[in-house]
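**Student:** Here's a structure for you.
Read-outs: derived from the displayed coordinates by stated rules, not from any lab. Quick caveat, the model's predicted, so the values are computed rather than measured. Every residue, glycine as well, gets a Cβ built from its backbone with ideal geometry; the counts of neighbours run over all protein chains shown.
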Amino acid sequence: KYLLFVGRLIPEKGVHNLIEAYKRLNTELELIVIGGDWFTTKYIESLKDLAKGSNIRFLGFVYGEDYNNICSGAYIYIQPSEVDGTSPSLLAAMGFGNCVIANGIPENLETIGDAGLSYKINDVEDLKEKLKYLISHPEKVSEYRKKAEDRIRFYYDWDRASKAIEEL
């Protein structure tokens with residue numbers, strides 16, 4: 001079991017806030033960070049410096065079966081983006097049946113609905129508290145996992161979406 005983030009490692013994705021919140025937790029769960037960026041190497045190095053001395057692993061870019069295995073094994077998926085559209089990583093995490101916590105920006109709130117938890121926009125302490133709550137309430141994690149899968153099946157099903165477009 002581990003906590004997971006997947007995405008580009010650029011400041012707008014808010015990974016620095018996630019690392020700060022994680023470092024304030026008292027947990028044995030590891031934080032796995034998947035992703036990178038070819039142009040923000042200074043930011044990535046600052047994230048790694050910030051993570052020093054904690055149980056955080058940066059895996060870089062991961063694809064295919066390895067990606068599927070890592071995403072399906074997460075205890076909680078965290079989406080700390082400060083600016084985003086409908087995040088494919090967040091949708092994928094929900095589709096894998098992950099319990100999700102997302103930054104409270106409108107795009108994330110629309111995506112998760114009642115199928116995950118949100119925290120006050122860019123609030124590191126609130127993120128830490130939400131993580132702490134879910135880590136100590138595995139029954140809630142199970143509940144959110146089911147809700148996430150159901151929401152993806154209902155709202156983000158390609159057959160349903162293409163049929164709606166055809167009707168339009």
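**Student:** Please report the projected area of region 86-135's Cα convex hull averaged over all directions, in nm².
**Tutor:** Working: hull surface 13.1 nm².
Mean projected area of the Cα convex hull: 3.3 nm².
**Student:** Could you give the semi-axes, largest first, of the ellipsoid that matches region 34-110, computed as the square roots of 5 times the alpha carbon gyration tensor eigenvalues and rounded to whole Å?
**Tutor:** Details: eigenvalues 89, 58, 33 Å².
Listed largest to smallest, the semi-axes of region 34-110 are 21, 17, 13 Å.
**Student:** At a Förster distance of 41 Å, what's the computed FRET efficiency of E28 paired with R160, Cβ-Cβ distance as r, to 0.05? Walk me through the intermediate numbers first.
**Tutor:** Values: r = 40 Å, r/R0 = 0.98.
Efficiency for this residue pair is about 0.55.
**Student:** What residues have an amide H closer than 5 Å to that of Q79, excluding those fewer than 5 places away on the same chain, when H is modeled at 1.01 Å from N in the peptide plane?
**Tutor:** Sorted by chain and number, the residues that satisfy this are I101, A102, N103.
**Student:** Where does the chain land at 222 nm, in deg cm²/dmol rounded to the nearest 500, when only DSSP H runs of n ≥ 4 count, each adding -39500 (n - 2.57), divided by all residues? Don't skip to the answer; put the middle values down first.
**Tutor:** On the way: 8 runs with 86 residues, N = 168.
-15500 deg cm²/dmol, from helical runs alone.
**Student:** I need the per residue convex hull volume for the chain, using only the alpha carbons, in cubic angstrom as a whole number.
**Tutor:** Working: hull volume 19.6 nm³, N = 168.
Residue-normalised Cα hull volume stands at 117 Å³.
**Student:** Which one of Y119, F58, P11 has its Cα pushed farthest toward the positive end of the charge dipole of region 1-127, where Lys and Arg give +1 and Asp and Glu give -1 at the Cβ?
**Tutor:** Projecting each Cα onto the dipole axis, the largest value belongs to F58.
**Student:** Dipole magnitude of the chain about its Cα centre, charges +1 at Lys/Arg Cβ and -1 at Asp/Glu Cβ only, in debye to the nearest 20?
**Tutor:** Numbers: 21 positive and 26 negative charges, 101 e Å.
That gives a dipole near 480 debye.
**Student:** Just need the relative contact order of region 74-168 here, percent rounded to a whole number, with Cα pairs under 8 Å and 6+ apart.
**Tutor:** On the way: 123 pairs, mean separation 27.1, N = 95.
Contact order relative to length: 28 percent.
**Student:** Could you tell me what % of all Cα pairs in region 82-168 have separations over 20 Å? Intermediate results must be reported in sequence, preceding the final value.
**Tutor:** Working: 1390 of 3741 pairs.
Taking all Cα-Cα pairs of region 82-168, the fraction more than 20 Å apart is 37 percent.
**Student:** Kindly state, to the nearest 0.05, the FRET efficiency for K146 paired with F61, given R0 = 25 Å and r defined as their beta-carbon distance. Display every interim value, and only then the final one.
**Tutor:** Values: r = 30 Å, r/R0 = 1.21.
Result of the calculation: an efficiency of 0.25.
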